[in-house]
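Take a look at the structure set out below.
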Number of protein chains: 2
Amino acid sequence: MKTLAFSAATMALAFAPTVPAFAETPNEIVEGAPAGDWTEIPADDILIMTLAPDAAGKPREVVVQLFPAPWSSAWTHNIRALAKAHWWDGMSVYRSVDNWVVQWGEGDVETPKALPETMKLTSPEGYSLAWHKGLVDTLWSASGRRTAELRAKPRVASGSHFADPYAPAFGYVNGLPVASDLVTQGDISRPAAIWPVHCYASVGVARGLTPDAGNGAELYTVIGHAPRQLDRNIAVVGKIIAGIEHLSILPRGTGDAGVYETLAERTPIVSIRMAGELSESERPRFRVMNTDSDSFARWVEAKANRKDAFYSIPVGGADVCNLPVPVKPVTG
Amino acid sequence: MKTLAFSAATMALAFAPTVPAFAETPNEIVEGAPAGDWTEIPADDILIMTLAPDAAGKPREVVVQLFPAPWSSAWTHNIRALAKAHWWDGMSVYRSVDNWVVQWGEGDVETPKALPETMKLTSPEGYSLAWHKGLVDTLWSASGRRTAELRAKPRVASGSHFADPYAPAFGYVNGLPVASDLVTQGDISRPAAIWPVHCYASVGVARGLTPDAGNGAELYTVIGHAPRQLDRNIAVVGKIIAGIEHLSILPRGTGDAGVYETLAERTPIVSIRMAGELSESERPRFRVMNTDSDSFARWVEAKANRKDAFYSIPVGGADVCNLPVPVKPVTG
C-alpha cells in the first residue's frame with residue numbers, strides 16, 4: 001500500500017497552508033491587510049480579567065471586548081461600574097459545561113456582596129434594538145450582499161450563500177457579531193430589530209428565569225458550537241478577544257448545571273479591570289478589522305470558498321459564527 | 001434598585017428548566033421517549049480510547065461512534081484494523097488548538113511504526129457518497145420537511161427554518177450528521193451526493209495536503225464551532241458520544257499548528273479498542289434516538305422553538321450541529 005507520511009511539518013502545512021500557487025488563504029489576507037483596514041478598539045470597551053496563575057505558575061489574562069452603546073447598554077454600564085468598583089476581585093470562575101459555557105462572578109453565596117449604587121435596572125426589552133442607521137458597520141443578507149439597506153432581490157455576486165437558520169441577516173458592530181430580521185417595503189428591505197448573537201467566545205449575562213434579565217455581575221462565555229437559541233433570550237455584552245483558552249480548558253463541573261462541587265475546583269479571579277484603569281504599559285491594545293473594508297470582503301469570500309492547497313471543494317458559504325472578525329494586538 | 005437573586009439553584013433552573021406550565025423542553029422529550037424510539041449502537045461501531053489517568057488519578061475513557069459502511073468505509077476499515085492490532089497503544093494526544101481540534105495518534109516520529117497489512121488505500125473520492133435509497137435514516141431540507149425524497153416545494157409544517165449555508169439539506173445515519181446537495185427533477189428533489197459533516201465532537205482523519213486523504217491512523221475531534229468548510233475536504237469517520245471533556249480540556253499546544261512542544265505535555269494513550277474486543281462487563285453500550293421517530297421530530301421542533309420557562313423568543317430554526325442526536329447509556 002501507499003505509505004502516508006505524517007509529521008508535525010505536514011500537519012502545520014495541512015492546517016495553515018501558504019502555498020503561493022493556490023488562492024490566497026484567509027490568514028494571508030489578514031496579514032496583508034493595510035493599516036487603514038483596521039481600527040483600534042477603544043480602551044473603554046476593553047475589560048481585562050486576571051485569573052490566579054495556573055498550576056505551573058503561568059499568568060492567565062482574559063480580554064473581553066464590550067459592545068459600545070447603545071448595544072446591551074444597561075448591562076455594559078453595570079459591568080463598567082462593577083469593574084471600576086473592583087467588585088469581582090477575589091471571586092471566581094465557578095461553572096463549566098462542555099460544549100456550552102464557562103461562568104464567573106460571585107456565584108452562590110449566603111450573603112451577596114453589595115452592588116455599586118450606580119447599577120441600572122435591566123429588562124428583556126434590552127436584548128435587541130430597534131433599527132436605525134449607523135447602528136451597525138455592515139449587514140449581510142442570505143445572498144451575501146453587504147449593505148445596511150438591502151434590496152429585496154439582491155444580486156448574488158459570487159455564488160456564496162450566507163443563509164442563517166436563526167435570522168434573515170447578520171452583521172457586525174466594531175467587529176462584534178449581530179443578527180437582524182428584515183422587513184421589505186417596495187424593493188428595499190431593512191431590519192426592524194437587530195441583536196447581538198451567541199458565537200464561540202461571546203460573553204453573556206447569566207440570569208434566572210424570565211423575566212429576570214440579570215444585572216451583569218455574573219457572566220459566561222460560550223465554549224462550544226454557537227447556542228444561537230439563546231439570542232434575544234439573554235443579554236450578550238461582548239466577546240473574548242484574547243485568552244479564552246484559560247477558560248475553555250478548565251475542568252468541567254460535576255455539580256448541578258456544571259457548577260463546581262467544591263471551592264477548591266474554582267479558579268480565583270485576581271481582578272477584573274477596565275483597560276483605561278491600567279497604566280499604559282500594562283494596558284493590552286488590539287485592532288479589529290473594519291467589516292466595511294475591502295480586506296474583510298475578500299476575507300469572507302476566502303473563508304466561504306477555500307481554494308488553497310489543503311482544500312479541494314470550496315463549500316460556498318459560511319455562518320456568522322464561522323466568520324469571527326480578525327483581531328490583532330497593537331505592536332511596537 | 002431591584003435585587004437580583006443569583007444562586008446555584010436558579011442557575012440549575014435557568015439552564016435545565018422543568019416547569020410544567022410551559023412547553024416541554026428538549027430534555028423532557030428525551031427522558032419521555034419510549035424504548036421503541038431508540039436503537040442500540042452496534043459494538044462494531046464503537047471505539048474506546050483509554051487515556052492515562054488524569055493528575056488526580058481519575059480514569060479517562062473516550063467513546064467514539066463510527067459511521068457504518070459504506071460511509072468513509074476505507075478509513076473505518078483501517079481504524080478497525082488499527083484498533084484490533086492494538087496499534088495506537090502507547091501513542092499520545094499530541095495536538096490541541098482552541099476552537100478547532102484535538103488530535104491523536106503517532107504524531108511526528110523519525111521511524112513510523114509499521115501499519116497492519118490489511119490497511120486499505122484511501123482517496124478524496126471517499127469523502128462523499130453517491131445517493132441511493134437507504135443510505136440515510138432522515139433528510140431535512142431548508143424548510144424542515146423530513147423525508148428522503150423531497151418535493152421541490154415542500155410544505156413548511158411549523159414555520160421553523162433549517163437553512164444551512166453549507167448544504168441544501170442535512171440528515172442522519174445512525175444518529176450521525178450528514179449533509180447533501182439536492183437535484184430537482186419535476187417536482188421531486190433528491191440528493192446526488194451526500195457526505196458526513198464536521199460538528200462539535202465529530203471525529204476526522206488528519207492528513208497532509210490534497211490529494212493525500214490520510215489513512216485513519218491520525219485522528220482529530222472538533223472542540224469548537226463547527227468548521228463546516230472542512231466538509232468534503234477531509235474524511236469524517238464518526239463522533240465522540242462520551243468522554244469528549246477528557247480531550248476538550250487539554251491545554252492548548254504552543255508549537256506550530258498547536259502541537260505540544262514537549263513530550264511531557266502529551267497525554268498518553270493506554271489503549272484504543274473496538275467495543276467487541278472488551279468483555280461484556282467492560283464494554284460500554286449506548287442507545288441513539290431514531291431520527292425517523294416521532295420523539296425526534298418533536299425534539300427538533302422543541303430545539304428550534306424553545307418555549308419553556310427560560311425562553312421568551314423561540315428562534316424558529318436550528319442548524320444540524322445544534323441538533324446533536326440524543327444518545328444515552330444502556331443501563332441495567
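Quick note: the coordinates plus some simple rules give every number you see, no bench work behind them. These numbers come from a predicted model, not from an experiment. Reconstructed Cβ throughout: ideal geometry from the backbone, glycine too, with neighbour counts over all protein chains shown.
Pull out the extension gain between A:PHE22 and A:LEU278, defined as 0.36 nm times the separation in residues minus the alpha carbon to alpha carbon distance; nm, one decimal.
Net length gain for the segment: 87.7 nm.
How high is the relative contact order of chain A, in percent, counting Cα pairs under 8 Å that sit 6 or more residues apart?
This gives 28 percent for chain A.
Projected onto the charge dipole of chain A (+1 at Lys/Arg Cβ, -1 at Asp/Glu Cβ, origin at the Cα centre), which of A:VAL97, A:GLY186, A:ALA226 gives the Cα projection farthest towards the positive end?
My answer, from the dipole projection, is A:GLY186.
Name the chain A residue with the Cβ nearest the axis that maps A onto B: which is it, and what is the distance in angstrom?
It is A:ALA163, 2, counting Cβ atoms only.
Could you tell me how far the Cα centroid of the stretch A:73-118 sits from the Cα centroid of the stretch A:225-287, in Å?
10
First check a/c for the stretch B:173-332, with a ≥ b ≥ c the square roots of the eigenvalues of its C-alpha gyration tensor; if it is under 1.5, answer rounded, and if not, answer prolate when a/b is larger than b/c or oblate otherwise.
Working: a/c = 1.61, a/b = 1.33, b/c = 1.21.
Prolate is the answer for the stretch B:173-332, as a/c is 1.5 or above and a/b outweighs b/c.
Could you pull the copy-to-copy label distances for A:VAL330, with points set 7 Å along Cα to Cβ, in nm to one decimal and sorted shortest first?
Reported distances to equivalent positions: 6.1 nm.
Placing the label point 7 Å from Cα along the Cα-to-Cβ direction, what are the distances from B:ALA130 to the equivalent spots in the other copies, shortest first, in nm to one decimal?
Sorted ascending, the copy-to-copy spacings read 5.9 nm.
Determine the sum of side-chain charges near B:PRO329: Lys and Arg each +1, Asp and Glu each -1, restricted to other residues whose C-beta is under 13 angstrom from that of B:PRO329.
Net of charged neighbours comes to +2.
Magnitude of the Cβ-charge dipole of the stretch A:148-286, K/R +1 and D/E -1, about the Cα centre, nearest 20 debye?
Values: 13 positive and 14 negative charges, 97 e Å.
Roughly 460 debye, rounded to the nearest 20.
Which one, A:ALA130, A:ALA114, A:ALA33, has the greatest fluctuation when you compute a Gaussian network model over chain A with C-alpha springs under 10 angstrom?
A:ALA114
I need the shape label for the protein assembly as shown. Rule: rounded when a/c is under 1.5, else prolate if a/b > b/c, else oblate, with a, b, c from the alpha carbon gyration tensor. Can you show the working numbers first?
Numbers: a/c = 1.34, a/b = 1.22, b/c = 1.10.
Note, shape of the protein assembly as shown comes out rounded.
Test of understanding: given chain A, find the longest segment containing no GluC sites (Glu not before Pro) that are in a DSSP loop and have at most 15 other Cβ atoms within 10 Å. Could you put the intermediate results ahead of the total?
Numbers: sites that count: A:GLU110, A:GLU117, A:GLU149, A:GLU261, A:GLU280, A:GLU282.
Longest stretch, sites excluded: A:150-260.
Give the residue from A:GLY171, A:THR262, A:PRO196 lying farthest towards the positive end of the charge dipole for the stretch A:167-311; charges sit on Cβ (+1 for Lys and Arg, -1 for Asp and Glu) and the dipole is referred to the Cα centre.
A:GLY171
When a/c reaches 1.5 or more, the comparison of a/b and b/c decides; with that in mind, is the stretch A:272-332 rounded, prolate or oblate per its Cα gyration tensor?
Details: a/c = 3.00, a/b = 2.83, b/c = 1.06.
Prolate, since a/c reaches 1.5 and a/b exceeds b/c.
What does the net charge come to around B:ASN233 if you take all other residues with beta carbon closer than 13 Å to its beta carbon, with K and R at +1 and D and E at -1?
Around B:ASN233, the charge tally is +1.
Relative contact order, percent, of the stretch A:202-332 when contacts are C-alpha pairs under 8 Å separated by at least 6 residues?
17
Residue by residue, what Karplus-based ³J(HN,Hα) values in Hz, rounded to whole numbers, does the stretch B:227-232 have, using 6.51, -1.76 and 1.60 with θ = phi - 60° and x for Gly and Pro?
Calculated HN-Hα couplings, in order: x, 5, 5, 7, 4, 6 Hz.
Would you calculate a helix-derived [θ] at 222 nm for chain B, using -39,500 (n - 2.57) for each DSSP H run of n ≥ 4 and dividing by the full residue count, to the nearest 500?
Numbers: 5 runs with 42 residues, N = 332.
Per the formula, -3500 deg cm²/dmol.
Could you tell me which residue out of A:PRO112, A:SER271, B:THR76 lies farthest along the dipole of the protein assembly as shown toward its positive end? Charges go on the beta carbon: Lys and Arg +1, Asp and Glu -1, centred on the Cα centre.
Working it through, the farthest residue towards the positive pole turns out to be B:THR76.
With contacts defined as alpha carbon pairs under 8 Å and 6 or more residues apart, what's the relative contact order of the stretch A:42-104 in percent?
Relative contact order here is 20 percent.
Can you compute the charge dipole magnitude of the stretch A:57-115 about its Cα centre, using +1 on each Lys and Arg Cβ and -1 on each Asp and Glu Cβ, nothing else charged? Give it in debye, rounded to the nearest 20.
240
Which FRET efficiency value, to the nearest 0.05, do you get for B:ALA69 and B:THR39 by plugging their Cβ-Cβ distance into 1/(1 + (r/R0)^6) with R0 = 22 Å?
Calculated transfer efficiency: 0.85.
Please give the contour-minus-distance gain from B:GLU125 to B:HIS77: 0.36 nm per residue of separation, less the Cα-Cα distance, rounded to one decimal in nm.
15.7 nm
Mind putting a number on the dipole of the protein assembly as shown about its Cα centre? Charges go on the C-beta only, +1 for Lys and Arg and -1 for Asp and Glu, and I need it in Debye to the nearest 20. Don't skip to the answer; put the middle values down first.
Numbers: 60 positive and 72 negative charges, 245 e Å.
It works out to roughly 1180 debye.
Within a Cβ distance under 11 Å of A:SER96, other residues only, what is the Lys/Arg minus Asp/Glu net charge? Could you put the intermediate results ahead of the total?
Working: positive: A:ARG95, A:ARG252, A:ARG266; negative: A:ASP98, A:GLU265, B:GLU245.
Result for the neighbourhood of A:SER96: 0.
If you take each beta carbon of peptide A:250-258 and count the beta carbons of other chains within 10 angstrom, what is the mean?
4
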